[in-house]
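Notes to accompany the following structure.
Bear in mind these aren't lab numbers, they're just calculated from the coordinates by the rules spelled out. Please read these numbers as outputs of a predicted model, since none were measured by experiment. Cβ placement follows ideal geometry from the backbone for every residue including glycine, while neighbour counts extend to all protein chains displayed.
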Amino acid sequence: MRINLKQNIERRINDSKETFYPLDGNWESTSIGGCQSVNLPFLEKKVNPQAVASNLKLYQAQCEGGDGAQCTNLGIVYFTGIGVSKNYSQAVTYLQKGCELGDGLGCAQLGLLYEKGKGVATDYQKAEELYKKGCQLKDGVACTRLANLYRAGDKVGTISPEKLAELYRKGCSLGYGVACTNLGLLYFRGEGVPKDPEKTLDFYRKGCQLGDPRGCTYAETLEF
């Protein structure tokens, strides 16, 4: 029977720790609680590290058999050290294979490693390339990280506010809550879209529904 590790991995990325965007419009990367962190998708608490370790060869076989999503999951396992020893080199190898096999999240995660210099030398252009590919593969995380990369302004240049809004809109439409919240922030500030309190609240609420805690906080602030 085929065991799919993907069923046990939570695709939600904690971008509130990776890159935090406060309501006041400060879009710069910020540490939370004094800790800088780079977060790949969290494994659900119910995942048993021993189970991951004992089934590792099966997961690897599925990856070698062309399952791109499983390759991505293995990259995440090696990055996080759940059931295996942390190995950034292995993480990069599996994420690259996942991306090459058409898994958009694999591209998004590999792009993050290049952006942050984890397991590879920092390369913003490579990160941009990978985020673009992941976004084209309809991964909302990749679209959002591409927008964040442009929004930083000092890594690969900038794009127009209108195009930035479209990237967040695409990420949101693909079910990534962080993108919805960030789009709400654009409506709040009138950047690339007209100022619109109703749409601001709508996108904050959608971000909240899709698992971004900032969306919940911001919505409650406007509703107060």
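Quick notes on this structure:
- Per-residue HN-Hα couplings for segment 61-75 [Karplus 6.51, -1.76, 1.60; θ = phi - 60°; Hz; x = Gly/Pro]: 5, 5, 5, 4, x, x, 8, x, 5, 5, 4, 4, 4, 5, x
- Rounded to the nearest Hz, the phi-derived 3J(HN,Hα) couplings of segment 143-151 under the Karplus curve 6.51 cos²θ - 1.76 cosθ + 1.60 (θ = phi - 60°) are 4, 5, 5, 5, 4, 4, 4, 5, 5, where x marks glycine and proline.
- Short to long, the 10 Å bins of the Cα pair-distance histogram for segment 159-224 hold 28, 55, 16, 0 percent of all pairs.
- Segment 159-224, relative contact order in percent, only Cα pairs under 8 angstrom and at least six apart counted: 29 percent
- Derived scalar couplings ³J(HN,Hα) [segment 172-184; Karplus, 6.51 cos²θ - 1.76 cosθ + 1.60; whole Hz; x for Gly, Pro]: 5, 5, 8, x, 9, x, 4, 5, 5, 4, 5, 5, x
- Remark: for residue pairs K118/K206; K86/K116; K163/K206; K86/K206, the C-alpha separation exceeds 25 Å in K118/K206; K86/K206.
- Loop-located trypsin sites (Lys or Arg not before Pro) in segment 127-181 whose Cβ has at most 15 other Cβ within 10 Å (DSSP): K138
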